[in-house]
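Just so it is clear, none of the values below were taken in a lab; they were calculated from the coordinates. None of the values given here were measured: they were computed from a predicted structure. Quick reminder, even Gly has a Cβ in these numbers, built from the backbone with ideal geometry, and neighbours come from all protein chains shown.
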Amino acid sequence: MTTPRYSDARWLAQRTHLTVPATVPKYVEGALRTDADLVMLDLEDSIPRGDDAMLRAGRDAIVRAMNELDWGRRLRFFRPRGSALDPSHEDIRDVVGRAAARVEGLVFPKVESAEELRAVDATLWAIEKDHGVREPIRVAVLIESVSAEERAFEIAAAPRVSALVFGAFDYFASLGMLDVAYAHDHPLVDAARARIAKAAASVGVPAIAEMTVRFPTKDKSEAERAAALAECRRDAERAKLFGFRGKWVGIPAQVPIVNEVFTLSDEAIAAAVASARIFLAAERAGRGATIVDGKMHDRANDRMARVLLSTAWATGKLDDATAGELGLDAAPAF
């Protein structure tokens, strides 16, 4: 017997969030030719403050991209300007009002409280009702300050949240340090990573790591490009160690590296299957634990294996027959 597969694995496989400026068509089209799991068209950082003409052009470009381009299985997201720059949510009202069901989510920046997200929820609910949108639009939340980090669990529990994204550079600026350079492994950055990962896990959504901003651009030497890609891999592996499920990227060349780091390996899946089978056999023999290679193997080990296996099954890397044999639940646990 097999159990039903998770309804839409794309929300679990958020390995890469590729962000591109909404106003540059060739970048948007290039992003949709990559293997990124989510593409975000940006209205926040890519629009100069007070440039209303460019803002209108950016909104128009997002609407065209949502309605006219082939996104494949990529999640279709955009980033509005946030509460400080757009308190009445005009970006959301305009873009979602014209693209309606084609928008699957938005990345909301500079979030400081759950109340902000409840206001976004109310705006989206009204638009969805007016346009007959049946699938709720999700919200990936950018955690970019010390105060947001402190409220991360409340923010994670707000309506529509699909991911918590760590904005590490803005976060570092919010610490108010003097003459201390940002470092990816700074103790306070790692402490924020830990809290964000735990908050995301508490509500069963992915934590998404910060962007590596040293890009392997064409103007760099071969050695410089290799160093930039190595830095991206290093950052991704550190984020994975903290429990993050994916990472922001800002250039297509980073996508395959991040996808590789956050894709479950066949070896890890095979080891988890073996672990789950061992515990099932122990239970059937009337034992709550057993010994494997001289170490106790109990329900906690089994739970860790099942977290991995349920996601592997949902994303198509574990066959239905094995999932049924192990009695996996339909909805993966984080």
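With a simple spin-label model that places each label point 7 Å from the Cα along the Cα-to-Cβ direction, the separation between N67 and T217 comes to 3.4 nm. Each other residue within a Cβ distance under 12 Å of R238 adds +1 if Lys or Arg and -1 if Asp or Glu, for a net charge of -1. Using only the Cα atoms of region 131-240, build the gyration tensor, take square roots of its eigenvalues as a ≥ b ≥ c, and label the shape rounded, prolate or oblate: rounded if a/c is under 1.5, else prolate if a/b is larger than b/c, else oblate. Here region 131-240 falls in the oblate category. Helical runs (DSSP H, four residues minimum) scored at -39500 (n - 2.57) apiece and divided by the length of the chain put the mean residue ellipticity at 222 nm at -14500 deg cm²/dmol.
Along region 309-315 the Karplus relation, 6.51 cos²θ - 1.76 cosθ + 1.60 evaluated at θ = phi - 60°, assigns HN-Hα couplings of 5, 5, 6, 4, 5, 4, 9 Hz to successive residues, with x for each Gly and Pro. Only one item in (i) 1.53; (ii) 1.99; (iii) 1.05 matches Cα Rg over 2.2 N^0.38 Å derived from the coordinates shown, and that item is (iii). For the chain, a Gaussian network of Cα nodes joined below 10 Å ranks A200, A126, A65 by mean-square fluctuation, and the top entry is A126.
Taking amide H as placed 1.01 Å from N in the peptide plane, the amide H of V133 sits under 5 Å from none that are at least 5 places away or on another chain.
Measuring from centroid to centroid over Cα atoms, what is the spacing of region 80-107 and region 255-334 in Å? Taking the Cα centre of region 255-334 as reference, the centre of region 80-107 is 39 Å away.
Taking F279, F244, F215 in turn, the Gaussian network model of the chain (Cα-Cα springs below 10 Å) assigns the largest fluctuation to F279. Put in line by how crowded their Cβ is, counting other Cβ atoms within 10 Å and starting with the fewest, E267, E154 read E267, E154.
Amide H to amide H, with H built 1.01 Å from N, L38 comes under 5 Å of T16, L18, L75, counting only residues 5 or more places away or on other chains.
In sequence order, region 284-291 has phi-based couplings of 5, 8, x, 10, x, 7, 8, 10 Hz under the Karplus curve 6.51 cos²θ - 1.76 cosθ + 1.60, θ = phi - 60°, and Gly or Pro positions carry x. Shown for W71, W313: other C-beta atoms within 10 Å of each C-beta, ranked fewest to most, produce the order W71, W313.
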